[in-house]
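The structure appears below as structure tokens.
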Amino acid sequence: MKPTLPKGTRDFLPSEVKKRRYIFDTIRSVFESYGYDPIETPVMESLTTLTGKYGDEGDQLLFKVLNNGDYLNKADAKALEEKNSQKLISSISKRGLRYDLTVPFARFVVMHQNEIQFPFKRYQIQQVWRADRPQKGRYQEFYQCDADIVGSDSLMYEAELTAIYDTAFYKLGISVTIKYNNRKILYGITEAAGVADRFRDITVCIDKLDKIGEEGVRKELEKNSIESMAVDVILTLLKVKDINDLILPFESSETGQEGLNETKEFLSYLSSYNSKNSIVFDPTLARGLSYYTGCIFEVVADDIVMGSIGGGGRYADLTGVFGLKGVSGVGVSFGAERIYDVMLELGLFDDISAVSSQVIILTFDKECHSYAFAKANDLRNAGIETEVYPSPVKMKKQMKYANSKGIPNVIIIGDEEMKSGRLTLKDMESGKSDQYSIKEIIEKLGTK
């Protein structure tokens with residue numbers, strides 16, 4: 001049998017895992033510096049939890065998990081006969097792989113509301129799955145790194161999450177542009193165009209602007225039965241760069257005015273923040289997920305074309321669908337897979353060591369090998385990553401292994417070293433070697 005991987009998934013070699021861990025650890029350290037606590041949720045959720053939260057396109061990208069056992073035994077016979085997959089699903093699948101971390105988080109909050117303190121600040125670094133078409137920077141299995149706050153309407157948190165983006169990407173060495181908008185501003189645009197009743201369809205079209213361009217969006221809107229005059233108004237207002245230029249068009253839009261006021265308050269918090277990256281208003285930013293209700297974000301890399309590497313926003317009542325009404329939240333997500341690809345392409349991993357061990361012990365015979373096993377534990381207890389070559393074969397073969405793994409230090413143990421207690425330590429880069437006691441080796445390697 002030829003080994004294969006499902007499309008949109010990847011294996012990671014040790015060197016790649018270390019680079020990815022660097023990303024996760026960097027982002028985690030920023031989350032924790034702002035007082036966010038870690039949680040984890042299951043890989044699978046009930047389909048009732050997941051469906052209806054991401055819009056029609058999102059629902060189509062959910063991975064469904066077949067029921068246990070003979071799942072066809074209780075299948076909807078009529079739907080099966082008609083080959084109607086949409087009707088059939090509910091009878092053969094009750095669970096799905098999580099599409100993102102936000103909806104499971106809302107479910108988590110409702111189920112644990114008596115065990116957490118509001119406002120609740122959490123971060124989560126776990127895998128999600130989407131049945132999307134794989135392409136550069138887009139996979140069917142990938143990690144998200146999320147930070148959310150629930151239980152507060154304060155726009156200070158929008159500013160805090162912007163600062164988290166700014167700090168994390170600065171630490172990772174990626175120059176980015178952090179874009180912001182407000183779903184209420186988008187609603188104001190549709191009201192100004194007289195088509196607010198089509199808000200959801202319009203935002204789905206606007207969300208495709210960076211992929212299909214202005215003319216593509218125009219055709220999409222017209223295909224959705226939006227009149228040409230309304231399309232002109234929408235596309236004109238989407239070109240506004242200063243939110244003050246929307247005050248007049250929003251004279252008759254209470255929701256639009258609310259969006260402008262929220263944006264101004266958000267910016268007032270940021271006015272004293274010294275950002276390292278660009279933070280810009282972008283009225284074309286729509287974030288197609290239907291649960292966003294206020295401020296929304298998207299992050300793009302400045303030096304490479306990769307699509308968004310982060311996004312998020314305010315959701316007024318996501319927990320309401322699970323029975324906990326009136327709990328507002330806001331959150332952002334880091335696209336770890338794309339961040340990895342960006343850093344790889346920009347050469348930002350060059351200083352990250354792929355070496356798994358700081359030292360390896362090589363031996364000449366079985367007796368020396370047993371002695372080496374004990375000494376290796378002394379080194380490990382001192383915090384030095386150590387391995388022992390598995391058998392006392394020819395020294396040339398052992399040295400070749402050490403070289404192939406790029407291990408910087410080699411300890412060689414023979415009869416003389418065992419008797420004296422002074423082991424031969426060789427620096428593989430310089431080629432220099434000398435004899436030291438295990439205590440001296442620990443002191444020497446511990447300073448590197």
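The values are calculated or read from the model by the stated rules, or taken from the named source; none is laboratory data. Small disclaimer: the values here were computed from a predicted structure and weren't measured. Accessible surface is based on the protein model in full, side chains and every heavy atom, while ligands, DNA and RNA are left aside. Shrake-Rupley method; radii C 1.70, N 1.55, O 1.52, S 1.80 Å.
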task = Convert 37 °C to kelvin, take the viscosity as 0.692 mPa s, use the Kirkwood radius over C-alpha pairs of the range 1-92 as Rh, and evaluate the Stokes-Einstein diffusion coefficient in µm²/s, rounded to a whole number.
result = 186 µm²/s
message = Can you compute 3J(HN,Hα) from phi for each residue in the range 420-435, using the Karplus curve 6.51 cos²θ - 1.76 cosθ + 1.60 with θ = phi - 60°, rounded to whole Hz and x for Gly and Pro?
response = 7, x, 10, 9, 7, 10, 10, 7, 5, 6, 8, x, 7, 9, 7, 9
Cα gyration tensor of the range 96-150 - equivalent ellipsoid semi-axes, whole Å, descending = 27, 11, 7
task = First check a/c for the range 293-369, with a ≥ b ≥ c the square roots of the eigenvalues of its C-alpha gyration tensor; if it is under 1.5, answer rounded, and if not, answer prolate when a/b is larger than b/c or oblate otherwise.
result = oblate
Cα-based equivalent ellipsoid, the range 133-243: semi-axes from gyration tensor eigenvalues, Å = 30, 20, 14
key: Residues whose placed amide H lies under 5 Å from that of R95, excluding near-sequence neighbours   = L47, V65
ask   = What are the aspartates and glutamates whose alpha-carbon lies under 14 Å from the alpha-carbon of K53, with same-chain residues fewer than 8 places away excluded?
value = E45, D100, D317
request  = Could you work out the equivalent-ellipsoid semi-axes for the range 34-190, taking the square root of 5 times each eigenvalue of the Cα gyration tensor, largest first, in whole Å?
outcome  = 34, 19, 17
task = Please identify the helices of the chain, taking whole runs of DSSP H, that span at least 27 Å along their own axis as judged from the Cα atoms and have a mean Kyte-Doolittle score of -1.0 or higher.
result = 14-33
request  = Name the residues whose placed amide hydrogens come within less than 5 Å of the amide hydrogen of C295, ignoring near sequence neighbours (fewer than 5 apart) on the same chain.
outcome  = R183, R314
note = If one builds a Gaussian network model of the chain from Cα atoms under 10 Å apart, the most fluctuating residue listed among L97, L425, L246 is L425
inquiry  = Restricting to Cα pairs below 8 Å that are 6+ residues apart, what does the relative contact order work out to for the chain? Please round to a whole percent.
reply    = 15 percent
remark   = Amide H contacts under 5 Å for I178, restricted to residues at least 5 apart in sequence or on another chain and with H modeled in the peptide plane, are S278, I279, V280
query = How long is the range 338-435 along each principal axis, judged by its Cα atoms, biggest number first, in Å?
reply = 53, 28, 23
query = How big is the range 258-339 on each of its three principal axes, counting only the C-alpha atoms and giving the largest first in Å?
reply = 44, 32, 21
Heavy atoms of T167 accessible to a 1.4 Å probe, total area in Å² rounded to 10 = 20 Å²
Reference-scaled alpha-carbon Rg (2.2 N^0.38 Å with N residues) for the chain = 1.25
query = How much accessible surface does Y389 have with a 1.4 Å probe, in Å² rounded to 10?
reply = 20 Å²
inquiry  = Ignoring everything except DSSP H segments at least 4 long, calculate the 222 nm mean residue ellipticity for the chain; use -39,500 (n - 2.57) per segment, divide by total residues, nearest 500.
reply    = -12000 deg cm²/dmol
remark   = Highest GNM mean-square fluctuation among K94, K219, K400, for the chain with Cα springs under 10 Å, belongs to K400
